[in-house]
Amino acid sequence: MRTKVIAGNWKMNKLLGEAVEFVEDTKSKVPSSEKVESVVCAPFPYLPTLVEKAKGTDLAIAAQNMHFEESGAFTGEVSPSMLKDIGVTYVVLGHSERREMFAETDETVNKKAHAAFAHGLIPIICVGETLEERESNETMNIVEKQVKAAIEGLSEEQVRASIIAYEPIWAIGTGKTATSEQANEVCTHIRKVVAQTQSETAAEAVRIQYGGSVKPANVDELLSQSDIDGALVGGASLEADSFLQLVEAGAK
Ligand code: 13P
């Protein structure tokens, strides 16, 4: 059985005091279970503090992005070794907001996935289609292309350890969740693509999350699907109570 991963992506929200309060409120309440991993993806300035606060608990702290280079003249960027050095364990890569607003491409996502593994970080690789692409029946092709590009050149072991988040762009922050069938259909396809391009073993092990307007009211239904192994959650992860309900659903 694949361990579910519930990750709260705070995006560009909260001030330091609020971030610390959230971690203090949740760190001893997240389930200590083989069934679920609980992750908070926080803004860069809070990472060292939150990693320190969450040390020794079942709450993992993740970054929302990173550069693929080790160091150098990249003003404003953060390297994988910096994240590793402060104790971050997961990193979100290729979120649609970064692809749309900050020129991330399939190629940079692939470079970042390699860099993450080179530094012992687990990537949460985001893929997903626009509304226009869904309406023109392009969903499977788009997602397939994104997944293939993202995992290109990774070893079987690295693909097994990866987390892929299927986030249809039209469902992000809109309150319009994909139906559990729609979400599962794409997650099943992603697993098939991993089997074809890497191996059955990698496909069996890779965790595939759904993201897009996940909340306590719909999480059970989504997590009950055969190929959905967790959720990447924006809005509903900002409040401690709501986040805890989501991770508890993952532990069922
Ligand atoms: P919402 O849960 O707010 O729709 O955001 C989803 C998301 O983009 C998580 O990365």
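With each run of n ≥ 4 DSSP H residues scored as -39500 (n - 2.57), what mean residue ellipticity at 222 nm is computed for the chain after dividing by its residue count and rounding to the nearest 500 deg cm²/dmol?
Rounded to the nearest 500, it is -12500 deg cm²/dmol.
At R0 = 30 Å, how high is the FRET efficiency between Glu70 and Ala195 if r is their beta carbon distance? Nearest 0.05 is fine.
Efficiency computed from Cβ-Cβ geometry: 0.40.
Can you tell me which of 123-136, 103-116 comes out highest on packing, and rank the rest after it, using the mean Cβ neighbours within 10 Å?
So the order, starting with the most tightly packed, is 123-136, 103-116.
In a GNM of the chain with a 10 Å cut-off on Cα contacts, which of Thr177, Thr75, Thr49 has the highest mean-square fluctuation?
Largest GNM mean-square fluctuation: Thr75.
Only helices at least 24 Å long along their own axis, judged from Cα atoms, and with Kyte-Doolittle mean hydropathy of 1.0 or greater: name those in the chain from DSSP H.
none
Looking at the chain, send over the antiparallel percent of its DSSP beta bridges, to the nearest 5.
Close to 5 percent.
Run the dipole for the stretch 11-130 about the Cα centre, Lys and Arg Cβ at +1, Asp and Glu Cβ at -1, nothing else charged, and hand back the magnitude in debye, nearest 20.
Its charge dipole is roughly 220 debye.
Nearest 0.05, what FRET efficiency do Lys55 and Phe102 give at R0 = 35 Å with Cβ-Cβ as r?
It comes to 0.70.
Taking the highest mean first, how do the peptides 187-195, 8-16 order by number of other beta carbon atoms within 10 angstrom per residue?
Top of the packing list down: 187-195, 8-16.
Once you charge only the Cβ atoms, +1 for Lys and Arg and -1 for Asp and Glu, what is the size of the charge dipole of the stretch 112-193 about its Cα centre, to the nearest 20 debye?
Taking the Cα centre of the stretch 112-193 as origin, the dipole is about 240 debye.
Among Ala62, Ser96, Asn141, whose Cα projects farthest towards the positive end of the dipole of the stretch 1-148, with charges put on the beta-carbon of Lys, Arg (+1) and Asp, Glu (-1)?
Farthest towards the positive end: Ala62.
Rule-based calculations on the coordinates, nothing more; no lab input. Values in this document were obtained by computation on a predicted structure and should not be read as measured data. Every residue, glycine among them, receives a Cβ derived from its backbone with ideal geometry; neighbour counts consider all protein chains shown.
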